[in-house]
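Working notes for the structure below.
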Amino acid sequence: MTRLFIVPACLALLTLAAPALAQKAGGTLHVSHRDNPPSASIHEEATISTVMPFASLYNNLVVFDPKEKQDSADHIVPELATEWAWSNGGKDLTFKLRDDVKWHDGKPFTSADVKCTWDMLKGDVDAKVRRNPRKIWYFNLNEVTVNGPKEVTFHLGRPQPSILTMLAGGHSPVYPCHVPVEQMRTKPIGTGPFKFDRLKQNESIRVVRNPDYWKKGKPYLDAIEFSIIPNRATSVLAFASGKMDMTFTAEITAPVLKDVKTQTPNAVCEMVPTFTFSNLLVNRDRPPFDNAQIRTAMSYAIDRSAFVQILSQGTSKVGGIMLPPPEGRWGLPKEILETIPGYGPDVEKNRAEGKKIMEGLGYTAEKPLKVKIITRNIPTYRDPTVILIDHLKKVNIDAELEALETAVWYNRLTKRDFSVGLNVQGVGIDDPDVVLYETFAAKSDRNYTNYSNPEIEKLFEAQSQTADYEARRKLVWEIDRQLQLDGARPVIVHDWGGTCWQPYVKGVNLAVNSIYNHWRFEDVWLDK
């Protein structure tokens with residue numbers, strides 16, 4: 001069957017109506033993987049290529065309830081923490097920790113491990129991290145202190161309700177104090193339901209059941225093996241032939257989904273928002289793109305509805321920086337979005353304006369501006385880049401595609417070694433603090449275009465301190481609107497993607513507002 005997003009209330013009714021199944025232990029789950037992950041160290045990477053295969057090795061202090069469909073602050077449950085409490089006017093967050101948890105090498109988990117992890121992320125210690133993409137998340141975290149081995153407190157500079165939400169995401173596992181970060185890239189150690197077995201470049205990743213997992217009776221699987229199959233058609237054939245039990249998450253597009261269902265009509269497939277979005281990267285420090293007029297003309301060239309139709313046959317959505325509603329909790333309403341130049345329906349008028357700008361700068365159809373557009377060498381990046389290249393021709397920009405392997409791609413972005421790029425940004429958590437600070441704060445490692453606007457950053461601070469949801473959401477709408485008007489990082493389309501699994505695979509529950517947060521695999525089992 002093919003399923004779209006089912007609201008939690010409907011899901012609950014379906015659950016009550018369905019007969020209970022007894023989970024079976026054993027077996028290996030075979031999953032296709034789209035490329036070589038840059039490493040196994042979740043804290044150093046910014047890709048689902050690392051999170052999906054390796055999240056099962058770890059635990060967080062808290063997690064989004066894996067039984068819910070929409071991740072939110074209202075659906076956070078304990079993991080390594082047993083309980084938590086706020087104090088000091090909402091500036092201190094104290095966790096009490098489990099006392100029955102061991103690392104995969106047998107050493108006990110303690111509060112020191114929590115402190116070490118966030119000292120590393122804040123940059124307070126020289127942990128020799130290669131990259132620290134989410135360091136900006138913790139700009140408001142003054143320090144982490146311990147009170148004995150089983151209690152830890154996060155001390156904030158000001159109240160920040162979203163900090164608990166950040167800690168619940170798939171990018172927030174606890175690392176061991178006694179293992180150097182270099183080892184976590186190739187032979188990671190966690191407290192999670194599975195243990196690292198092997199990683200063979202261009203071949204496979206294998207994790208095996210942790211027999212000493214603190215959740216007794218879990219996981220059900222003996223092992224999970226991810227086979228690296230970069231070619232999407234080959235990956236689909238492997239699934240259709242039964243060699244794969246599950247596809248890589250969100251890798252199935254709407255057109256491909258039809259092929260999957262034709263070849264494997266009994267497959268269970270869900271097409272959901274991924275909270276990954278294609279966006280235009282323009283290096284503001286590299287001529288001639290330091291000229292705001294050129295950046296504006298590029299934005300005017302984009303026909304977002306064409307991306308939606310060509311890439312997803314109408315499934316994907318147009319939006320600002322936050323995930324569009326109703327799946328997203330903070331996205332711009334359609335009536336506001338369509339008031340922003342480039343987002344309305346009159347594409348030809350926008351392009352005429354963009355072409356006029358370029359001709360005024362001396363770029364004509366006969367003498368266009370030539371540029372290379374870099375992107376990551378996987379289909380979800382290459383496909384929209386090809387469309388973008390065609391659109392830019394409408395405003396006298398002659399672009400050429402330069403596709404880069406994953407490791408090279410992230411290095412080029414981090415070093416700002418590009419003029420123009422098309423990025424598919426993955427957002428781990430549907431929360432404005434995560435998206436705004438990580439993408440647009442001047443000090444963020446992931447602010448790839450070096451965008452800087454102190455006035456807008458003041459609004460970041462205002463929404464971050466607002467506890468009331470409706471009041472905060474209206475502030476976020478205004479910020480999102482201004483970012484789009486400023487051409488900060490033009491959002492092209494919010495992607496929807498399909499994930500399929502064989503009917504005998506049970507216990508899978510995808511979130512509808514991020515692809516990063518439900519990959520413990522501890523509840524998955526094989527009914528065969």
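I want to check the label-to-label distance for Gln309 and Lys349. Put each point 7 Å from Cα in the C-beta direction and report it in nm to one decimal.
Result: 1.9 nm between the two label points.
Take the Cα of Asn266, step 7 Å along the line toward its Cβ, and report every residue of region 228-250 whose backbone nitrogen sits under 16 Å from that point.
Under 16 Å, as judged by backbone N against the label point of Asn266, lie 239-246 of region 228-250.
What number, rounded to the nearest 500 deg cm²/dmol, is the helix-based mean residue ellipticity at 222 nm of the chain, given -39500 (n - 2.57) per DSSP H run of at least four residues and division by all its residues?
Details: 16 runs with 156 residues, N = 528.
Mean residue ellipticity, 222 nm, calculated: -8500 deg cm²/dmol.
At 1.002 mPa s and 20 °C, plugging the Kirkwood radius over alpha-carbon pairs of region 389-528 into Stokes-Einstein gives what diffusion coefficient in µm²/s? Could the numbers behind the result be given before it?
Details: Rh = 18.3 Å.
The estimated diffusion coefficient comes to 117 µm²/s.
How much length, in nm to one decimal, is gained on full extension between Asp527 and Asp105, taken as 0.36 nm per residue of separation minus their Cα-Cα distance?
On the way: separation 422, 0.36 × 422 = 151.92 nm, distance 3.10 nm.
Fully extending the segment from Asp527 to Asp105 adds 148.8 nm.
When the Cα centres of region 327-364 and region 426-495 are compared, how far apart do they sit, in Å?
Rounded to whole Å, the Cα centres lie 19 Å apart.
Which lysines, on any chain, are close to Lys415 with Cα under 24 Å apart, when same-chain ones fewer than 8 places away are left out?
Lys122, Lys128, Lys135, Lys370, Lys372, Lys443
Could you state the principal axis extents of the C-alpha atoms in region 273-496, from the largest down, to the nearest angstrom?
55, 38, 35
Among Tyr213, Pro159, Phe64, whose Cα projects farthest towards the positive end of the dipole of region 25-221, with charges put on the beta-carbon of Lys, Arg (+1) and Asp, Glu (-1)?
Toward the positive end, the furthest listed residue is Tyr213.
Search the structure for amide H atoms under 5 Å from the amide H of Ile492, placed 1.01 Å from N in the peptide plane, and list their residues when 5 or more places away or on another chain.
Answer set, sorted by chain and number: Ser278, Asn279, Leu280.
Among the lysines, which fall within straight-line cross-link reach of Lys200, defined as a Cα-Cα distance under 16 Å, with same-chain neighbours fewer than 8 residues apart omitted?
Lys187
Expected output is a single nm value to one decimal: the length gained when fully extending between Val77 and Asp259, i.e. 0.36 nm times separation in residues minus the C-alpha distance. What is it?
Values: separation 182, 0.36 × 182 = 65.52 nm, distance 3.81 nm.
61.7 nm is the gain from fully extending Val77 to Asp259.
Evaluate region 277-407: find the radius of gyration of its Cα atoms, find its Kirkwood radius, and give the ratio Rg to Rh.
Numbers: Rg = 15.2 Å, Rh = 15.7 Å.
Looking at region 277-407, the ratio lands at 0.97.
Calculate the dipole size of region 25-221 relative to its Cα centre from +1 charges on Lys and Arg beta carbons and -1 charges on Asp and Glu beta carbons; express the result in debye to the nearest 20. Please list the in-between numbers first.
Working: 27 positive and 23 negative charges, 90 e Å.
Rounded to the nearest 20 debye, it is 440 debye.
Compute the normalised compactness of the chain: alpha-carbon radius of gyration over 2.2 N^0.38 Å, N being the residue count. Write out the running numbers ahead of the final one.
On the way: Rg = 22.9 Å, N = 528, 2.2 N^0.38 = 23.8 Å.
Normalised by 2.2 N^0.38 Å, the Cα Rg of the chain equals 0.96.
How long are the semi-axes of the equivalent ellipsoid of region 353-463, taking √(5λ) for every eigenvalue λ of the Cα gyration tensor, in whole Å from largest down?
Details: eigenvalues 160, 80, 30 Å².
That gives 28, 20, 12 Å for the three semi-axes.
Only Lys, Arg, Asp and Glu count, each charged at its Cβ (+1, +1, -1, -1), so figure out the dipole size of region 205-314 about its Cα centre, rounded to 20 debye.
Details: 13 positive and 10 negative charges, 35 e Å.
So the magnitude is around 160 debye.
Within 10 Å, Cβ to Cβ, of Leu311, how many net charges do the neighbouring residues add up to if Lys/Arg are +1 and Asp/Glu are -1? Intermediate results must be reported in sequence, preceding the final value.
Details: positive: none; negative: Asp383, Asp495.
So the surrounding residues net to -2.
Quick one: of Lys91/Lys150; Lys195/Lys458; Lys69/Lys107, which pairs are farther than 32 Å apart, Cα to Cα? Write down the numbers at each step before the final one.
On the way: Lys91/Lys150 20 Å; Lys195/Lys458 44 Å; Lys69/Lys107 35 Å.
Checking Cα-Cα distances, Lys195/Lys458; Lys69/Lys107 exceed 32 Å.
So if R0 is 35 Å, what FRET efficiency would Asp92 and Gln482 give, r being the distance between their Cβ atoms, rounded to the nearest 0.05? Could you put the intermediate results ahead of the total?
Working: r = 33 Å, r/R0 = 0.94.
After rounding, the FRET efficiency stands at 0.60.
Compute, for the chain, the length of the dipole vector about the Cα centre, with Cβ point charges of +1 (Lys, Arg) and -1 (Asp, Glu) only. Units Debye, rounded to 20. Intermediate results must be reported in sequence, preceding the final value.
On the way: 65 positive and 64 negative charges, 165 e Å.
My answer is approximately 800 debye.
Report, to the nearest 10°, how far helix 379-392 tilts away from the longest principal axis of the Cα atoms in the chain, using its own Cα long axis and a range of 0 to 90°.
With rounding to tens, the tilt is 10 degrees.
List, largest first, the extents of the alpha carbons of region 413-472 along their principal axes, each in whole Å.
In descending order, the Cα extents are 40, 24, 14 Å.
Using only alpha carbons, build the gyration tensor for region 25-221 and give me the equivalent ellipsoid semi-axes, biggest first, whole Å.
Details: eigenvalues 145, 71, 55 Å².
Those come to 27, 19, 17 Å.
No value in this document is a laboratory result; all are computed from the given coordinates. Keep in mind that this is a model prediction, so the values were computed, not measured. Please note: Cβ atoms are built from the backbone with ideal geometry, for glycine as well, and neighbour counts cover all protein chains shown.
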